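Notes for the one structure printed next.
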């Protein structure tokens, strides 16, 4: 039994190739490719870290490919190895606040959200003015034509008036890398009793394409020498 077992194990290492009458080739044993190892990607949280890595060529890599994969991710790859796999050298992932679009939030939290997670612009100021002056006991008495809303807001120490809620509003939330200008897009601003408010995205995701283009422009400017010398190729 021991002799037969040893012969079987030895036979496992002897793979024969034979050809049938149809010209097809077969192997007597399953054959598995031993793949060359590839590194785990180094993760950074901003575009500056990616630029520093490429300028200093820390890993002494040949020409690399920079792929702007989305509005929040950029990857750095080497060329193919003999297994037609790329080394994934580095990944930049934007570190962003969580903004609950499409969810109604009480006016105090909504106010804080607008001031902390959105870039200052004219429409943000208009929304903050409405939110900051709402009379809680009268918000339930609003008019709504399906597009614009009216709510009762304070206009002085003791007076109130109906105020039209701006709609749609053009805002700049922090949704991509902080090194680039945040894309402005339209939102549907709605209020309901509580009082509470919500923002609903209304641009069909066009802002993502704008962000990708701006990331590419930023990288091309920051890596101009490396791009011109052929050390770095940027695609988006």
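The values are calculated or read from the model by the stated rules, or taken from the named source; none is laboratory data. Note that the structure is a prediction, hence the values are computed from the model and not measured. Because the Cβ atoms are built from the backbone with ideal geometry, glycine has one as well, and the counts that use them run over all protein chains shown.
Values as computed for the structure displayed
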read-out	value
Those residues of segment 69-112 which are in contact with a strand residue (DSSP E or B) (Cβ under 7 Å, 6 or more places away or on another chain) and closer than 15 Å to residue 171 by Cα, in sequence order	99, 101, 102, 110
Residues satisfying the stated conditions in segment 122-137, i.e. in contact with a strand residue (DSSP E or B) (Cβ under 7 Å, 6 or more places away or on another chain) and more than 17 Å from residue 198 (Cβ to Cβ)	133, 135
Boolean, residue 235 is touching a residue at least 40 places away in the same chain (Cβ under 8 Å) and surrounded by fewer than 17 Cβ atoms within 10 Å (Cβ to Cβ)	yes
Checklist (1) under 24 Å from the mean Cα position of the chain (by Cα); (2) surrounded by 15 or more Cβ atoms within 10 Å (Cβ to Cβ) applied to residue 221, failing item	(2)
Qualifying residue in segment 75-90 (condition: within 26 Å of the chain's Cα centre (by Cα), crowded, with 18+ Cβ neighbours inside 10 Å and within 26 Å of residue 199 (Cα to Cα))	no
Segment 193-224, subset out of contact with any strand residue (DSSP E or B) (no Cβ under 8 Å at 6 or more places or on another chain) and touching a residue at least 40 places away in the same chain (Cβ under 8 Å), residue farthest from residue 61 (Cα to Cα)	193
Count - residues of segment 64-84 that are touching a helix residue (DSSP H, G or I) at 6+ places or on another chain (Cβ under 9 Å) and part of a loop (DSSP other than H, G, I, E, B)	2
Residue match in segment 44-63 (condition: at negative phi, assigned to a strand (DSSP E or B), surrounded by 11 or more Cβ atoms within 10 Å (Cβ to Cβ) and at pLDDT 70 or above)	yes
